[in-house]
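K.L.:
One structure, pasted below without further comment.
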Amino acid sequence: MSHKILIVDDDQFIRELYEEVLNDAGYTVQTAKNGREGLDKILKGGYNLILLDVVMPEMDGTEVIEKLHDIKPEKPNGDIIFLTNLDFTEKISVAMQDMVHSYIMKAAITPQELLQTVKTLLAESFKQSK
């Protein structure tokens, strides 16, 4: 069974690059181009990992996290990882203490490093679920 990953990012290049890298590695990948579309998919649930951009139109990543406090997904999801190019702000820090596992600096990660990070996170999640 392939792990299911959701990428929520308004940057089309990032979305397509990450989707291609993860698809090529055998993961099942879905994407969303903004926070509202991402929230709809997150609420349907069933993702092993969610890569969620912080700064997006219509609804940013921290707003998505706030909404998830009030509305529970139909199926459980795995870890949420913030994607950002921002310095570590208080807003991100608060979300990470809550529902976000960690964050990735998009400008500082290569596609291979992203793939290795995803593999590590999914392996950790699998160990914790046993």
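K.L.:
Report yes if some residue within the range 94-109 is assigned to a loop (DSSP other than H, G, I, E, B), at pLDDT below 90 and not aliphatic (A, V, I, L, M); otherwise report no.
P.N.:
no
K.L.:
Of the residues LEU6, LEU39, only one is crowded, with 16+ Cβ neighbours inside 10 Å, touching a Gly at 6+ places or on another chain (Cβ under 8 Å), aliphatic (A, V, I, L, M) and under 18 Å from GLY61 (Cβ atoms); which?
P.N.:
It is LEU6.
K.L.:
Moving on to the next point. Considering the range 20-36 alone, what residues qualify as being among the charged types (D, E, K, R) and either buried (at least 18 other Cβ atoms within 10 Å of the Cβ) or under 12 Å from LEU83 (Cβ atoms) (or both)? Even if it seems obvious, please write down each step before you answer.
P.N.:
Initially, the range 20-36 is screened for residues among the charged types (D, E, K, R), giving 20, 24, 33, 36.
Across the range 20-36, the qualifying residue is only LYS33.
K.L.:
Can you run down the residue pairs with Cβ atoms below 8 Å, 6 or more apart or on separate chains, where the first is in the range 104-130 and closer than 22 Å to GLU20 by Cβ and the partner is modelled with pLDDT under 90 and of a type in the set (Val, Ile, Thr)?
P.N.:
ILE104/THR84; MET105/THR84; LYS106/THR84; LEU114/ILE104; THR117/ILE104
K.L.:
Still on this structure, I have one more. How many of the residues making up the range 56-88 are closer than 22 Å to HIS3 by Cβ, surrounded by 15 or more Cβ atoms within 10 Å (Cβ to Cβ) and not aliphatic (A, V, I, L, M)?
P.N.:
6
The values are calculated or read from the model by the stated rules, or taken from the named source; none is laboratory data. In this text the structure is predicted, and so the values were computed from the model without any measurement. So basically every Cβ, Gly included, is an ideal-geometry build from the backbone, and we count neighbours across all protein chains shown.
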